[in-house]
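Asks: Here it is: the structure, laid out below.
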Amino acid sequence: MISTPDGSVSVPPDIPCAFDRRADGFRHAAGGGLWLAPLVYLEHARFGPGWYGKVVSADPDRLLAWAVSKAIPQRALQFKSLPDLDSPLHRRRRLPGYHIDLWGARLALAYDPQTIARARARSPAQSPSSVVGESGVASR
């Protein structure tokens, strides 16, 4: 049986969790869980304008195991540090973090159809290309 790291919600290791508050998602990811970050609309993105999402974790092995189970190549894993939300804001530390970007048809590998439909129904003008959470850190 797989143990759940301290600070992580007890869920099966292959299911990314969405959170209402970005801070809760960052904490879950920093504890080794898989965080399903909110969808954002990017106008000037690598693969063209559209809705983008990501699965985030401090545990690269767990993230890669999820990716492989969805037929996402291992080369999709990217490093990007996570804010340590439990450290003082003026001395905020960064923790090792990893993510896998999702766009187009890949969104359906992690996001439920209703979430994707709600995002696509929103006007891109109403959805900023950069979402800033409680941590003050912008996601892309």
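Asks: Would you say ASP24 is in a helix (DSSP H, G or I), acidic (Asp, Glu) and over 12 Å from TRP103 (Cα atoms)?
Replies: Taking the combined requirement at face value, the residue satisfies it.
Asks: I'm trying to understand the selection: among the residues of region 101-140, which are assigned to a helix (DSSP H, G or I), basic (Lys, Arg) and at pLDDT below 90?
Replies: ARG120
Asks: In region 37-63, what count of residues is obtained for those that are within 15 Å of LYS80 (Cβ to Cβ) and modelled with pLDDT of 90 or more?
Replies: So the answer is 12.
Asks: When region 27-62 is examined, which residues are found to be in contact (Cβ under 8 Å) with a residue 24 or more places away in the chain, surrounded by 24 or more Cβ atoms within 10 Å (Cβ to Cβ) and assigned to a helix (DSSP H, G or I)?
Replies: ALA29, ALA30, listed by residue number.
The values are calculated or read from the model by the stated rules, or taken from the named source; none is laboratory data. Quantities reported herein were computed from a predicted structural model and do not represent experimental measurements. All Cβ positions, glycine included, derive from the backbone under ideal geometry; neighbour counts span all protein chains shown.
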